[in-house]
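Computed from the coordinates by the stated procedures, all read-outs in this text should not be read as laboratory data. Computed from a predicted model, the values in this text were never measured in an experiment. With ideal geometry, Cβ positions are generated from the backbone for all residues, glycine too; neighbour counts draw on all protein chains shown.
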Amino acid sequence: WTNTPKVLESRRKTLQLLLSNHDRKCLSCVRSGNCELQQLCKELGVTDEDYYDGERTPSVIDDSAVHMIRDNSKCILCRRCSAVCEKVQGIGVIGANMSGFATFIGSAFDMGLGETSCVSCGQCIAVCPTGALQEKSQVDEVLAAIADPQKHVIVQTAPAVRAALGEEFGNPIGTDVTGKMVTALRMLGFDKVFDTDTAADLTIMEEGTELIDRIRGGGVLPLITSCSPGWIKFCEHNFPEMLPNLSSCKSPHQMLGAIIKSYYAEKNDIDPQSIYVVSVMPCVAKKYEAQRPELSVNGLADVDAVITTRELARMIKMIGIDFNAIGDGDFDNPLGVSTGAGLIFGTTGGVMEAALRTVADILNGSSSDAIDYVQVRGLEDGIKIAEVEIADLTIRAAVAHGLGNARRLIERVKAGEHFDFIEIMACPGGCINGGGQ
């Protein structure tokens, strides 16, 4: 029996004990209204009068990482964060320290997260049931830029965002809200709304030709995709000897940021210094990526601010937009309409399939109608392998999603298994399950 008075009372008692050691500043918590602990207390009728008084875990804020903030006073020691970090991503930089009442989740030797080999994937944020983990918000910076009449503020959105944003407004999982998202961004005050798919097309043209050049020119193989900043950081920490294998391409949003501050600025006679580029991403690793010094030109960062899908939803709610009631808008298209290949970047296998389509067109000399490479699709397998014949080339390709699978695949490469082209995405399932979703 699962709903007897005895069972219900036991569940309430557990919640009361959790609350006795919890920072109950719910009104100002980023997870208010979307917190599992809050929801359970509501369902089981646990009120403020019910908790026990006693010693509390002190609030220790770790904001040493570029992408996120930890607050142990809101932690309920469920260990979901350490489980996904170690068991799924194969990194293991956080876990339970001390014992008994003194137990807390932290890094080895009490190091700040920014001092560890954390790769900024944000999967720990995605699984945390409370507000103990959150992205480092840039909402205020973005709103300040929009309000500055001297700035030309451009926003770009990744393909995965439009498939998840609707959930924040009560829509079923996977609802495509592209048009409403564009309208909302215009209502927020952005001067231009661009689609990152445009840069995904540029990325794939570069990556496709790079693959052909490496295969035919005796370059370093396998060529490994470079669009996932969590994977890049993981490679730098764990497999630095594989860095020559990485594609030379920037990730799509960084590439579009660079084009906006050069080509777009020149064509529209705008001073690049006055342009402020905001990326809406399903990913918190992009926050880390955007501040890397090598991703800037002449002292100007390609991208000035990165906000997650969650942060965009908060901005929309903040100014009172009735999201489900607004009409559908259209992107500004600085380089014309983007392709379906750019759109599928957001899921595992999408970059690989887009690249194979490009390679086929280049080698065959014409655009092909046979554009579906179903061998590299799907979420079921952590590592997918396919051999694809295009013109006179046989390309042995592999796709891995989630860093635990990435590690296993790279170990196979190091053991001598041959691949020509590898796609790796840091998050399980790809960007659709990013740490900012």
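When only Cα pairs below 8 angstrom with a gap of at least 6 residues are kept, the stretch 1-117 shows a relative contact order of 21 percent. Coupling constants for the stretch 86-102 follow from the phi torsions by the Karplus curve (6.51 cos²θ - 1.76 cosθ + 1.60, θ = phi - 60°), and in residue order they are 8, 7, 8, 8, x, 10, x, 8, 10, x, 7, 9, 6, 8, x, 5, 7 Hz; glycine and proline get x. Taking a sphere under 12 Å around the Cβ of His253 and counting the other residues whose Cβ falls inside, with K and R at +1 and D and E at -1, yields a net charge of -2. Taking 37 °C and 0.692 mPa s as conditions, the stretch 46-119 diffuses translationally at an estimated 241 µm²/s according to Stokes-Einstein applied to its Kirkwood radius (Cα pairs). Site pair Lys25 and His418 shows an inter-label distance of 6.0 nm when each label is modelled 7 Å from Cα along Cα→Cβ. Only Cα pairs under 8 Å and 6+ residues apart enter the sum, and on that basis the relative contact order of the stretch 163-202 stands at 25 percent.
When peptides 154-160, 411-417 are sorted by average Cβ neighbour count within 10 Å, with the highest value leading, the order is 154-160, 411-417. For the stretch 33-46, 3J(HN,Hα) computed residue by residue from phi via the Karplus equation (6.51, -1.76, 1.60; θ = phi - 60°) reads x, 9, 10, 5, 5, 4, 5, 5, 4, 5, 5, 9, x, 8 Hz, glycine and proline entered as x. Count Lys and Arg as plus one, Asp and Glu as minus one, and take only other residues whose Cβ is under 13 Å from that of Arg216; the net charge is then -3. One entry in (1) -0.36, -0.74, -0.90, -1.48; (2) -0.38, -0.75, -0.90, -1.33; (3) -0.65, -0.93, -1.01, -1.29 is log10 I(q)/I(0) by the Debye sum over Cα atoms at q = 0.07, 0.10, 0.11, 0.14 Å⁻¹ calculated from the shown coordinates; its label is (2).
Using the per-residue mean of other Cβ atoms lying within 10 Å as a proxy for protection, in what order, highest first, do the peptides 240-252, 350-362 fall?
Packing order, densest peptide first, comes out as 350-362, 240-252.
Restricted to Cα atoms, the stretch 156-270 shows a radius of gyration and a Dmax of 17.7, 52 angstrom. For Ile224, the amide hydrogen comes within under 5 Å of the amide hydrogens of Leu246, Ser247, Ile422, counting only partners 5 or more places away or on other chains and with H modelled in the peptide plane. Near Gly430, the amide H atoms lying under 5 Å from its own belong to Thr348, Gly402; only residues 5 or more places off or on other chains count, and H is placed 1.01 Å from N.
Relative to the longest principal axis of the Cα atoms of the chain, helix 197-217 runs at roughly 60 degrees. Here the gap between Ala96 and Glu167, fully extended at 0.36 nm per residue and compared with their Cα-Cα distance, gives a gain of 22.4 nm. What separates the Cα centres of the stretch 118-159 and the stretch 212-265 is a distance of 23 Å. Would you mind counting up the charge near Ser20? Only other residues with Cβ under 12 Å from its Cβ, with Lys and Arg at +1 and Asp and Glu at -1. Here the charged neighbours net out to -2.
Backbone amide hydrogens, once placed in the peptide plane, bring Ala65 within less than 5 Å of Leu113, Gly114, excluding anything fewer than 5 places away on its chain.
Around the Cα centre of the chain, unit charges on the Cβ atoms of Lys, Arg, Asp and Glu (plus for the first two, minus for the last two) sum to a dipole of about 1260 debye. Peptides 41-48, 382-389 ranked from most to least packed give 382-389, 41-48, packing being the mean of other C-beta atoms within 10 angstrom over each peptide's residues.
Dipole of the chain (Lys/Arg Cβ +1, Asp/Glu Cβ -1, origin at the Cα centre): which of Leu17, Ser59, Ala258 lies farthest to the positive side? It is Leu17. Between Glu86 and Glu266, the modelled labels are 5.3 nm apart [label points 7 Å from Cα along Cα→Cβ]. Over the chain, Cα pairs under 8 Å with separation of 6+ residues give a relative contact order of 18 percent. In the chain, the longest principal axis of the Cα atoms and the axis of helix 350-364 are about 0 degrees apart.
Dividing the helix sum by the residues of the chain, where each DSSP H run of 4 or more adds -39500 (n - 2.57), gives a mean residue ellipticity at 222 nm of -9500 deg cm²/dmol.
Do any of Lys180/Lys233; Lys136/Lys414; Lys136/Lys267; Lys25/Lys250; Lys6/Lys74; Lys25/Lys317 go past 31 Å between their Cα atoms, and which? Too far apart for the 31 Å limit: Lys180/Lys233; Lys136/Lys414; Lys136/Lys267; Lys25/Lys250. The HN-Hα couplings worked out from phi for the stretch 297-306 by the Karplus form 6.51 cos²θ - 1.76 cosθ + 1.60 (θ = phi - 60°) are 9, 6, x, 9, 5, 4, 10, 8, 8, 10 Hz, whole numbers, x standing for Gly and Pro. Per-residue extension of 0.36 nm, minus the Cα-Cα distance of Arg216 and Leu8, leaves a gain of 68.1 nm for this segment.
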